[in-house]
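Presented below is the structure to which this report refers.
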Ligand code: G4F
C-alpha cells in the first residue's frame, strides 16, 4: 500500500480486518521536511486521513493509534511538556503531525472511533537510520574507532532532546490500545541531554574525546530549530502504568556497541 493512495489503504484494511492499527508511517525526517514541504504535508496529512477514513468506512471497532511527535511542541515556553502544553511547531513535519493529531481527535469525537495519539519524544535504538543524529554519532564513532573515518560532521550540537529507547516506547503504544477509553499520551523519560552530551558519551565509551573528531557543518543547521524538548509523562505513568526502563547511558552504549559489531563484521 501507499500513504498516497486511499484505495490501496482501504483494500488492505478491508482484507486484513485488523483489531488494532498502529499508524507510524510518515515522511519523518525533520530536516528533509524543509527541503520538500509539499511532499511532507501531502503524505503525512492525507495519509493519516486516508487510514482514519478507511477505519470509519470499514468498521468502527478497530482501535487506531496515531504516532504524534514532540516536534508538535516545537518552540516551547515551558520547561516540561505534557498533554496540555500548547503546540508551536517549527517545521513542516511538526505542522503535519499537529494536523494528524487533530484529525485523530476529531474522528474520536465526531465518529466515536477508538483513536489514541502517542506524543512520543525522540526514541532511538540500533535500528535507527543514520540520517538521525544518534545513529549518525554511534556509527561515526564505530567507524572512527576502526580507522574507517577521520572526522564526524554535525550541525547544532547544543540542541537538547529527551531521548529514550524505542523498545520502551513501543510498549507504551501497545498499552494505549489496551485501555477501555482512548486519549492522548506524552511519552518520554523526563530527562534531557544535548547532542554534545550524546557525542561525548559515545566517544568516551570507546576511549576517545569527541572534541578531537567532531566538526561543525553549518549546512546541517535547520532553518528553524527546536532547541529543547522535555517530557512530563505523568499521565502515561498513572493511567498506563508505563515506565521507561533504559537509561540514556545504556542507550548510548547499546547503540555504539551494535555499530562496533556491525563495522567489525562488514568492514564499512
Ligand atoms: O536526530 P534528529 O534528526 O531528530 P529530530 O529532528 O529531533 O526528530 C526525531 O524525533 C522526533 C520526535 O521528537 C520525531 F518525530 C522525528 O520523526 C524524528 O524521529 O535531530 C535531533 C537534533 C536536532 O536538534 C538537530 O538539529 O540533533 C540536531 N543535529 C545536529 N547535528 C543533527 C545533526 N540532526 C541530524 N539529523 N544530523 C546531524 O548531523
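Spin-label model, residue 15/residue 268: points 7 Å from Cα along the beta carbon direction are separated by 3.4 nm.
Residues of the range 47-67 with an amide N closer than 19 Å to a point placed 7 Å from the Cα of residue 5 along the Cα-to-Cβ direction: 47-55. What the Cβ-Cβ distance of residue 83 and residue 216 gives, at R0 = 25 Å and to the nearest 0.05, is a FRET efficiency of 0.10. Just to verify a number: FRET efficiency for residue 257 and residue 38, C-beta to C-beta distance, R0 = 30 Å, to 0.05? Efficiency computed from Cβ-Cβ geometry: 0.15. Once the Cβ-Cβ distance of residue 60 and residue 127 is raised to the sixth power relative to R0 = 45 Å, the FRET efficiency obtained is 0.85.
Taken over the range 41-116, the ratio of Cα radius of gyration to 2.2 N^0.38 Å equals 1.16. Among 219, 104, 78, sorting on how many other beta-carbon atoms sit within 10 Å of each Cβ, with the fewest leading, yields 219, 78, 104.
If neighbour count is taken as other Cβ atoms inside 10 Å, put 75, 56, 97 in order from fewest to most. Present the calculation step by step, with values, prior to reporting the outcome.
Working: 75 13, 56 16, 97 27.
Ascending number of Cβ neighbours within 10 Å: 75, 56, 97.
The simple spin-label model puts a point 7 Å past each Cα toward its Cβ; for residue 179 and residue 225 those points are separated by 3.5 nm.
Taking other C-beta atoms within 10 angstrom as a stand-in for reagent exposure, 119, 62 fall in the order 62, 119, fewest first. Sorting the segments 66-73, 31-38 by their mean number of nearby beta carbons within 10 angstrom, highest to lowest, gives 66-73, 31-38. Here is how the number arises for the chain: DSSP H runs of 4 or more residues each give -39500 (n - 2.57), the sum is divided by the residue count, and the result at 222 nm is -12500 deg cm²/dmol. Share of antiparallel DSSP beta bridges in the chain, in percent to the nearest 5? Percentage antiparallel, nearest 5: 10. With 10 Å bins beginning at zero, the pair-distance distribution over Cα atoms of the chain amounts to 7, 28, 33, 22, 9, 1 %.
With N denoting the number of residues in the range 52-91, provide Rg(C-alpha) divided by 2.2 N^0.38 Å, to two decimal places.
Details: Rg = 14.8 Å, N = 40, 2.2 N^0.38 = 8.9 Å.
Ratio of Cα Rg to 2.2 N^0.38 Å: 1.66.
What's the extension gain from residue 31 to residue 150 if we count 0.36 nm per residue and subtract their Cα-Cα distance? Between residue 31 and residue 150, full extension yields 40.4 nm more.
If you average 1/r across every pair of different Cα atoms in the range 1-147 and take the reciprocal, what Kirkwood value do you get, in Å?
Values: mean 1/r = 0.0602 Å⁻¹.
Mean inverse Cα-Cα distance, inverted, gives 16.6 Å.
Here, each number is a calculation from the coordinates, and none is a lab measurement. The structure presented is a predicted model; accordingly, all values stated were derived computationally and were not measured. Please note: Cβ atoms are built from the backbone with ideal geometry, for glycine as well, and neighbour counts cover all protein chains shown.
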